[in-house]
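Accompanying notes for the structure given below.
The values are calculated or read from the model by the stated rules, or taken from the named source; none is laboratory data. Note that the structure is a prediction, hence the values are computed from the model and not measured. Cβ: placed from backbone, ideal geometry, glycine included. Neighbour counts: every protein chain shown.
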Amino acid sequence: MKKGVLLINLGTPKAPTAQEVRPFLHRFLGDPRVINTPRAIWLPILNLMILPKRPAASAAKYKQIWSSEHGSPLAYYTQRQAVQLQKLLPDYLVDYAYSYSHPLISEGLQKMADANVDQLTIIPMYPQYSTTTIGSVMDDINRFYYRRARVPELHLVSGFADRSDYLDLLASKIQAELDKADYDQIIMSYHGIPVSYAENGDPYPQQCDATTDGVKQRLKTDVPVMQTYQSKFGPAEWLTPATADTMKQLPSKGVKRVLVVSPAFVADCLETIQELNVENRSYFMDNGGQQFKLVPCFNDDQAFTQVLANIVNNR
């Protein structure tokens, strides 16, 4: 039996240009799992109002995080995670794919099929389940295998927010920063989703709550922990409190030193490097904050690669 592992993340433009950002945004914002507005209403808005303008603004933000040596941080660390996991699992074929950029999920699955993999573990790199992320991955997998003559034995990991090894590692990253300096507040900032999605059954808020509670139980500190949500898009009501609003308000409440962590991401990307460490840092500092420290994502930490290996091995 030939075994394989496919790591799946969101994706990234190939370059920080409007020309490369446009197809990425088209796939991302065109996904009905991400924007569940009726297609007849949403697609004209997307194609006629958003895509002509937004790619240039997004490209300017990507330029702030782009590495001259490695390019996209998310792509670099996703590739590193796959390479490191391959070394830990020599009996498996390990690869990666993206939901909204190449190699697409269908391309990753085809590569596994071409290699005659008949037992496949698929790990979406989102610790907390949401219909907007892991639900979308499931759709792509189902579309690929629909009516195919051969379907491998599939093990789809629908999140790992409750795993002790994930929570232990996340807490240890935070604790290491707490041991270096004094802070008034720990902010656990998760990517947000519209409130309507949660009301329709998306368990994401509960999974975020569970992650926050699991980390709090493991930390050895009296510094209070606050849970917030970032990356709001569009006019709909999103989960609150918003990270941006929180950063603007905290200094006036006597919170001058914050330690920020983004548990929904396992690799640094636009939302961590630019949105949190640039935009939200400025919100906090411009309103009277004194110290803003962002805990890096797991990235290519071997300890996280071991968590992935444990998931594959059901440990």
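Is at least one residue of the stretch 152-172 assigned to a loop (DSSP other than H, G, I, E, B), over 14 Å from residue 8 (Cα atoms) and over 20 Å from the mean Cα position of the chain (by Cα)?
Yes.
Looking at (1) more than 14 Å from the chain's Cα centre (by Cα); (2) surrounded by 14 or more Cβ atoms within 10 Å (Cβ to Cβ); (3) not in a loop (DSSP other than H, G, I, E, B), which one does residue 229 not meet, given that it meets all the others?
(1)
Quick test of your reading of the structure: residue 239 fulfils all but one of (1) over 27 Å from residue 58 (Cβ atoms); (2) crowded, with 17+ Cβ neighbours inside 10 Å; (3) touching a strand residue (DSSP E or B) at 6+ places or on another chain (Cβ under 6 Å). Name the failing condition by number.
Among (1) over 27 Å from residue 58 (Cβ atoms); (2) crowded, with 17+ Cβ neighbours inside 10 Å; (3) touching a strand residue (DSSP E or B) at 6+ places or on another chain (Cβ under 6 Å), the lone unmet condition for residue 239 is (1).
Of the conditions (1) in contact with a helix residue (DSSP H, G or I) (Cβ under 6 Å, 6 or more places away or on another chain); (2) touching a residue at least 40 places away in the same chain (Cβ under 8 Å); (3) of a type in the set (A, V, I, L, M), residue 75 satisfies every one except a single condition; which number is it?
(1)
Yes or no: residue 275 modelled with pLDDT of 95 or more, outside any loop (DSSP other than H, G, I, E, B), under 15 Å from the mean Cα position of the chain (by Cα) and not aromatic (Phe, Trp, Tyr)?
yes
Quick check on this structure: which one of 136, 130, 101 is in contact (Cβ under 8 Å) with a residue 60 or more places away in the chain, not aromatic (Phe, Trp, Tyr), not in a loop (DSSP other than H, G, I, E, B) and not assigned by TED's automatic domain parsing to the domain that holds residue 204? Before you say what the answer is, go through the steps one by one.
Values: 130 fails: not in a loop (DSSP other than H, G, I, E, B); 101 fails: not in a loop (DSSP other than H, G, I, E, B).
Answer to the check: 136.
Since residue 162 meets every condition but one in (1) touching an Asp or Glu at 6+ places or on another chain (Cβ under 8 Å); (2) at pLDDT below 95, which condition does it not meet?
(1)
For the stretch 4-69, which helices (runs of 4 or more DSSP H) that fit wholly inside it have 1 or more residues that are polar (S, T, N, Q)?
18-29, 54-65
Which residues, taken from the stretch 260-299, are surrounded by fewer than 20 Cβ atoms within 10 Å (Cβ to Cβ) and under 18 Å from residue 7 (Cβ atoms)?
Listed by number, the list holds a single entry, 299.
Can you confirm whether residue 201 is modelled with pLDDT of 95 or more, at positive phi and out of contact with any Cys (no Cβ under 8 Å at 6 or more places or on another chain)?
On the way: modelled with pLDDT of 95 or more: yes; at positive phi: yes; out of contact with any Cys (no Cβ under 8 Å at 6 or more places or on another chain): yes.
Criteria met by residue 201.
Within the stretch 83-105, work out how many residues are within 18 Å of residue 307 (Cβ to Cβ) and within 16 Å of the chain's Cα centre (by Cα).
Number of matching residues: 1.
Within the stretch 178-188, identify whether any single residue is surrounded by fewer than 19 Cβ atoms within 10 Å (Cβ to Cβ) and within 17 Å of the chain's Cα centre (by Cα), and answer yes or no.
Checked against the condition, which is being surrounded by fewer than 19 Cβ atoms within 10 Å (Cβ to Cβ) and within 17 Å of the chain's Cα centre (by Cα), the stretch 178-188 yields no hits at all.
Results for (1) farther than 19 Å from residue 32 by Cα; (2) surrounded by fewer than 18 Cβ atoms within 10 Å (Cβ to Cβ); (3) not small (Gly, Ala, Ser), shown as yes or no for each residue.
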site	(1), (2), (3)
131	no, no, yes
140	no, no, yes
148	yes, yes, yes
174	yes, no, yes
193	no, no, yes
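So in the stretch 199-226, with the set limited to residues that are basic (Lys, Arg) and not in a loop (DSSP other than H, G, I, E, B), which one is farthest from residue 45 (Cα to Cα)?
So the residue we want is 218.
Answer yes or no: is there a residue in the stretch 30-38 that is closer than 23 Å to residue 307 by Cβ, crowded, with 16+ Cβ neighbours inside 10 Å and either free of Cβ contacts under 8 Å to residues at least 60 places away in the same chain or of a type outside the set (Lys, Arg) (or both).
No: zero hits.
For the stretch 276-289, indicate whether the set of residues that are within 17 Å of residue 128 (Cβ to Cβ), in the same structural domain as residue 206 (by TED's automatic domain parsing) and of a type in the set (Ser, Thr, Tyr) is non-empty.
For the stretch 276-289, residues within 17 Å of residue 128 (Cβ to Cβ), in the same structural domain as residue 206 (by TED's automatic domain parsing) and of a type in the set (Ser, Thr, Tyr): absent.
Just wondering, is there one or more residues in the stretch 303-315 that are charged (D, E, K, R) and modelled with pLDDT of 95 or more?
At the first step, the residues of the stretch 303-315 found to be charged (D, E, K, R) are 315.
After this cut, where a residue has to be modelled with pLDDT of 95 or more as well, the list is none.
No, every residue in the stretch 303-315 fails to be charged (D, E, K, R) and modelled with pLDDT of 95 or more.
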